Every structure is written in C-alpha cells, then in structure tokens.
Amino acid sequence: MGKILMSLVDNLGMTRVYFWLKFVTVVAVVLLVFTAGGGYLEPLSASGEAVVATGYRFDFDHVKKGPWLNAKAALLVNYENGEVLFARNADKVRSIASISKLVTAMVVLDRNIDMNRVETITKEDARRSSRSRLRVGSKLALHDLLDATLASSDNRAARALARAVAGNCEEFAKLMNAKVLEMGLEHTSFYEPTGLDARNVSSAHEVARILHYAYDYELIAKITSGKQHPVQFANLKYRTGRLPNTNRLLWSRYNVEAGKTGFIQAADYCVTSIVRNKQGERLTLVLLGVPGDRLRFKEAGRLLKWGFNQVQ
C-alpha cells in the first residue's frame, strides 16, 4: 500500500493525491450513511447539517381497517415511527387546494429574503382571489403576509409573497415544483402558489410527507399551530388586525403542532395536521375530499380518537 501511495505522489503530486483521498473518503461516508439508513438520506438544512426528523417515509405494512370516513382519501400515521395506521386511496392523485400553501411557505423561507420587506396588495393579487381581509393597496411586511397565507389561507397574501420572491406566480410555481423534486415526491405538482388552480395536485401519502418537511421549519410550525395572528398594515399607522386560523382542530382536545386546511370545489374540503395528545404521542392526519366544512373536522376527530387508541 505504501509503495502505491509513493507512486501516486511521484506521478500526480502531493496536492492531487490529497484531493483524491479526501474525495474517496467523502464518497465512502455518504455511501455508509445511505446504506445505514435503508437507502434513504436525511435532508440537509440551510447550514448543511442533517435535519433530524421522523417519518419522511412511511411503513404501510400494518394498516388497519379503522373507522368508516366520509372522505375521498385519508391517511393516519404514527409520527414517532412512520407506521401507517389507516389509509384510504392514499396514493390517488387529487387536487389539494390551499394545502399547496405549505410548499409556498417553504419556498419563501428557503430564499432567505428579508421578511421585514414591505409588499403592496395589487389588483392582480386580488383578481378572483376568493375572500380576503387584505384590501388592494394594503402594505404588509412579508412576515405578516406569511402569517396570512398559512393561518388564514389568504390567497392575496400568497400571491404577494410569490411576486416578492420570483416576480410572478408562474415563475414561483417553478420553484415550488423544484422543491417537490427535492423532497422526492413523484405525484405532486403545482401551477400557482394559492391552491385555487385545481391542477395543484398531490396524494394523501405525499401531503403527509409535505407536512413533515414543513414541520421542520420552526416558523411554519409556529404559525400553523396558533389560533390567531396579529398583522400590521404599514400604510395605515396604528392599524392592526388579527387573522384567525382556519384549522378548527386547534379548538379540539388535541394540540395541533402544524397543519393546513384547503377548499375549492374540485378538491372539496381538506385538512392535514400533526396532532399531539396529553400523553405526548403524535399522529399525522390527512383528509382529502370531505363534502363539508364542519364535517372534515368531525371526521378528523373520529379518526384521531381511533388512532390514539391504537398507539396506546
């Protein structure tokens, strides 16, 4: 071995030998991590360190029958170990409405832009935007727009964020789809940042994975687990507002640690949440295609109650 190394030094020089030895070492470490993790590499944070999180991949080997639910698709996962407790049409691709905004938020935060920067709500933001508390001409900091996007599911706020990051919604959608590829999702794609376009699609399985990734963003978890958020209008001095969260599970017996709701006619009513009970156990819930606003939370409560009984 020593003669081989001396020969390399003579032929390539010490600098090149050091480079190739370092390269081989790095490759060996990466392969070791990949093999040890069952063929799965943990994602990296912005600092380059491995993100410690549970359940980017799920175990479907022990799915139980569970309760009957009035939903087109559903998934319930034990967050602690990735075991799927309940699944219905989990891999069927469906429109996911405003659940899309979880990816919108991740893309915004990935760009590391100044969240104190102020943007104005434009007529284009407001066009066919459904209901909103943000009037045309309102000026808000990006962090307030993020609150409005995630908590109140405000479409105008989501469009303003997309414009601030990428110039327009079309270019921003490209960033969303790049993020999807980064997360290894095969059945999720986006055409715009709000979820109003029925072509924003995913599956219950991949929505759960999206939520797990989003949960690793401290700010997303904080916003989506809060019942309401104050916002400051920069062009209206002393004028503040409070935006309620659309996720009614926040008022249930459980602690919601992250989540998002959604609705358009093509998707019906949807909800996804990571929920903790008093014993500290966590479940990831996804319901898609529920034919009623209140019904989705009723069905969510039934499924969660059943699920926590299983893990206990």
Within the stretch 102-126, which residues are more than 28 Å from Ile274 (Cα to Cα) and touching a helix residue (DSSP H, G or I) at 6+ places or on another chain (Cβ under 9 Å)? Asp114, Asn116, Arg117, Val118, Glu119, Thr120, Ile121, Thr122, Glu124, Asp125, Ala126
Exactly one of Arg133, Arg94, Arg111, Arg117 is touching a residue at least 24 places away in the same chain (Cβ under 8 Å), in the same structural domain as Glu186 (by TED's automatic domain parsing) and surrounded by 21 or more Cβ atoms within 10 Å (Cβ to Cβ), and that residue is Arg94
Just checking, does the stretch 201-216 include any residue being farther than 26 Å from Glu299 by Cβ and surrounded by fewer than 24 Cβ atoms within 10 Å (Cβ to Cβ)? yes
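Condition test on Lys64, is it in contact with a strand residue (DSSP E or B) (Cβ under 8 Å, 6 or more places away or on another chain) and surrounded by fewer than 16 Cβ atoms within 10 Å (Cβ to Cβ)?
Working: in contact with a strand residue (DSSP E or B) (Cβ under 8 Å, 6 or more places away or on another chain): yes; surrounded by fewer than 16 Cβ atoms within 10 Å (Cβ to Cβ): yes.
The answer is yes for Lys64.
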Can you report the number of residues in the stretch 192-202 which are under 13 Å from the mean Cα position of the chain (by Cα) and in a loop (DSSP other than H, G, I, E, B)? 1
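Limited to the stretch 145-176, what total is found for residues that are touching a strand residue (DSSP E or B) at 6+ places or on another chain (Cβ under 6 Å) and closer than 23 Å to His212 by Cα?
Here is the first cut: in the stretch 145-176, the ones touching a strand residue (DSSP E or B) at 6+ places or on another chain (Cβ under 6 Å) are 147-148, 151-152, 160, 164.
Add one more test, that the residue is closer than 23 Å to His212 by Cα, and what stays is 147-148, 151-152.
Summing the residues that are touching a strand residue (DSSP E or B) at 6+ places or on another chain (Cβ under 6 Å) and closer than 23 Å to His212 by Cα in the stretch 145-176 gives 4.
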Quick check: is even one residue across the stretch 258-270 modelled with pLDDT of 95 or more, part of a helix (DSSP H, G or I), surrounded by fewer than 15 Cβ atoms within 10 Å (Cβ to Cβ) and out of contact with any Phe, Trp or Tyr (no Cβ under 9 Å at 6 or more places or on another chain)? no
Among residues belonging to the stretch 45-61 that are assigned to a loop (DSSP other than H, G, I, E, B) and at pLDDT 90 or above, point out the one that is surrounded by the most Cβ atoms within 10 Å (Cβ to Cβ). Phe58
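Do we have Gln279 as outside any strand (DSSP E or B) and in contact with a Leu (Cβ under 6 Å, 6 or more places away or on another chain) here? Outline the logic, then answer.
Working: outside any strand (DSSP E or B): yes; in contact with a Leu (Cβ under 6 Å, 6 or more places away or on another chain): no.
Spelling it out, it is not the case that Gln279 is outside any strand (DSSP E or B) and in contact with a Leu (Cβ under 6 Å, 6 or more places away or on another chain).
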Filter result for Arg248 (touching a Phe, Trp or Tyr at 6+ places or on another chain (Cβ under 6 Å) and touching a residue at least 40 places away in the same chain (Cβ under 8 Å)): yes
Across the stretch 79-91, what is the total count of residues that are surrounded by 15 or more Cβ atoms within 10 Å (Cβ to Cβ) and within 26 Å of Asn255 (Cβ to Cβ)? 9
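The values are calculated or read from the model by the stated rules, or taken from the named source; none is laboratory data. What you are looking at is a predicted structure, and each value in this text was computed from that prediction instead of being measured. Here the Cβ is made from the backbone with ideal geometry for all residues, glycine too, and neighbour counts use every protein chain on show.
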